[in-house]
Structure formats: C-alpha cells, structure tokens
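These notes are about the structure you will find just below.
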C-alpha cells in the first residue's frame, strides 16, 4: 500500500518486470493508468502477466461523474485470463489491487485462494478503503511489506528460497 495515487501500480509493475527478468514465472495483473486531457479521470488498464493482453477496466462516465468507473465485465475478463495462466503454473502471483470487487466477494479472490493453496507467493496491492476486507479475507496469514521494489523483491526471495536472485 503506497501513499500516492498510482504509486502502488508503479511499484508492482517494477517488481513484475524484475522478477520476470530473473526467470520467474510471474502471473497476475499490473495496472497502467493513462491520464486524459478531457472527459474526467485517467483510463485504467490492466496488463495480464506475463505477456498480455491489456484490458481496459475503466468506463468513461463523463467529466462530472463521481460513481465507480470500474467495468466489472472487463475485470472478470482479466480474472479469467489470470486463472487460465495460474493453471499452467506460476512462481509468483501479482494482483494489482484487492479492490471493491474483491471486497464484495468477486474479482481475483478465487485466483488468490488458488495460489495460496498451492503455496505460490501472492503479492497484492491494497488501499485504505479495502484493507479491512482484505485482512478478513486472508485470515491473518498476510505479511505487510513496504511498497518498494527492493522490499518486495527481498520478500519474494525469502519466500521462494535463497536459490533465486532478485
């Protein structure tokens, strides 16, 4: 959980790239935010790891809109892509965010549980709004890690074993 808007996304993207360069099979999603000059807040896309596709998960609701911009169908498309890749094997699962969808029992919850059952390390971005729901979901088995590439890479190395270099 990083303090600035979009900071967690940038850290997780860096971590995913580093782990993949080290030869680990990284599955999951990283979020890419693209600012817009008009028509409201940024566009939100997720890249399904390791090699795509990129799925637009936000809806353009107009400049004055204040409601949730998440496109649930698009998110579920990304979830399906991640679950298919998990079934083929992974060393690490990265989920860009445990958001409202997950807090309500949908989204990436099954993928996270699948990975945990198979002892695949899971890295999940969270925000303050959904932290309590995440902690309830994980039942006390989560480690809080500083939102920095080196801290997360160290955690992965400790979790997977000293045979890797991150």
Exercise. Residue by residue through the range 95-114, note down the ones that are touching a strand residue (DSSP E or B) at 6+ places or on another chain (Cβ under 6 Å) and either closer than 17 Å to residue 2 by Cα or surrounded by fewer than 22 Cβ atoms within 10 Å (Cβ to Cβ) (or both).
Key: 95, 96, 98
Practice problem: Report the residue count in the range 12-23 for those that are under 14 Å from residue 154 (Cβ atoms) and assigned to a loop (DSSP other than H, G, I, E, B). | Solution: 1
Quiz prompt | Residues of the range 25-40 that turn out to be modelled with pLDDT under 95 and either buried (at least 16 other Cβ atoms within 10 Å of the Cβ) or within 22 Å of residue 158 (Cα to Cα) (or both), as a count | solution = 2
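The values are calculated or read from the model by the stated rules, or taken from the named source; none is laboratory data. Note that the coordinates shown come from a computational prediction; the quantities given were computed from them, not determined experimentally. Cβ atoms come from the backbone with ideal geometry, glycine included; neighbour counts cover every protein chain shown.
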